[in-house]
Amino acid sequence: LKLGASEGSATLSSGIIFSSVGIATLIAAPIWGKIGGRIGYGKVLLIGLAGGGIGNLLQIAFHDLVSFGVLRFVYGFFFAAVYPAISASIVRATDSGFRGRAFSLNQSATQMGL
């Protein structure tokens with residue numbers, strides 16, 4: 001309500017805004033994959049984490065729906081870099097016999113919020 005949504009449309013507005021992260025991720029993930037192949041997945045991971053962290057901090061400064069929605073969309077572009085870079089790093093850093101376990105450990109940690 002403080003962002004300017006009416007009480008009746010607050011649920012719809014928040015759903016659209018937070019879904020924009022997923023839409024941006026669908027657009028940006030292939031782009032980050034190509035960039036990671038050129039500059040390295042470690043750098044892409046660092047860029048994604050830094051951009052995501054800054055995007056989370058900037059949420060404090062936005063007080064209307066449109067600018068908050070744009071911020072969340074841009075956040076999604078950076079968020080899109082994180083999981084593909086982690087997956088590519090796992091593939092490059094692990095032996096093929098341990099790779100399945102490494103992916104499952106990563107997925108478990110993700111689900112637990114670690």
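The values are calculated or read from the model by the stated rules, or taken from the named source; none is laboratory data. On a predicted model such as this, the values are computed, not experimentally measured, just so you know. Here Cβ is always computed from backbone atoms with ideal geometry, including for glycine, and neighbour counts include all displayed protein chains. Ligands, DNA and RNA are excluded from the accessible area calculation, which covers all protein heavy atoms including side chains. Shrake-Rupley method; radii C 1.70, N 1.55, O 1.52, S 1.80 Å.
Restricted to region 25-65, and to residues that are assigned to a helix (DSSP H, G or I) and of a type in the set (D, E, K, R), which residue is most open to solvent (accessible area, probe 1.4 Å)? Looking at the filtered set, the residue picked out is ARG38. When you check PHE77 against the structure, is it farther than 20 Å from TRP32 by Cα and either outside any loop (DSSP other than H, G, I, E, B) or in contact with a helix residue (DSSP H, G or I) (Cβ under 8 Å, 6 or more places away or on another chain) (or both), yes or no? Against the criterion (farther than 20 Å from TRP32 by Cα and either outside any loop (DSSP other than H, G, I, E, B) or in contact with a helix residue (DSSP H, G or I) (Cβ under 8 Å, 6 or more places away or on another chain) (or both)), PHE77 does not qualify. The sole residue among ILE90, ILE86 that is in a helix (DSSP H, G or I), in contact with a helix residue (DSSP H, G or I) (Cβ under 6 Å, 6 or more places away or on another chain) and either within 20 Å of ARG38 (Cβ to Cβ) or of a type in the set (Gly, Ala, Ser) (or both) is ILE90.
Among the residues of region 87-99, those that are touching a residue at least 12 places away in the same chain (Cβ under 8 Å) and surrounded by fewer than 18 Cβ atoms within 10 Å (Cβ to Cβ) comprise SER87, ILE90, ARG92.
Taking the conditions (1) within 28 Å of ILE90 (Cα to Cα); (2) more than 12 Å from the chain's Cα centre (by Cα) in turn, ASN56 satisfies each one other than (2).
Right, ARG72: charged (D, E, K, R), surrounded by 14 or more Cβ atoms within 10 Å (Cβ to Cβ), in contact (Cβ under 8 Å) with a residue 24 or more places away in the chain and in a helix (DSSP H, G or I) or not? Judged against the criteria, ARG72 is a match. Within region 8-24, can you find the residues that are of a type in the set (S, T, N, Q), open to solvent by less than 30 Å² (accessible area, probe 1.4 Å) and modelled with pLDDT of 90 or more? If the condition is that a residue be of a type in the set (S, T, N, Q), open to solvent by less than 30 Å² (accessible area, probe 1.4 Å) and modelled with pLDDT of 90 or more, then SER20 is the only one that fits.
Among residues of region 14-28 that are more than 15 Å from VAL82 (Cα to Cα), those with a beta-carbon under 6 Å from a residue that is open to solvent by 40 Å² or more (accessible area, probe 1.4 Å) and part of a helix (DSSP H, G or I) at least six positions away or on a different chain give the pairs SER20/PHE73.
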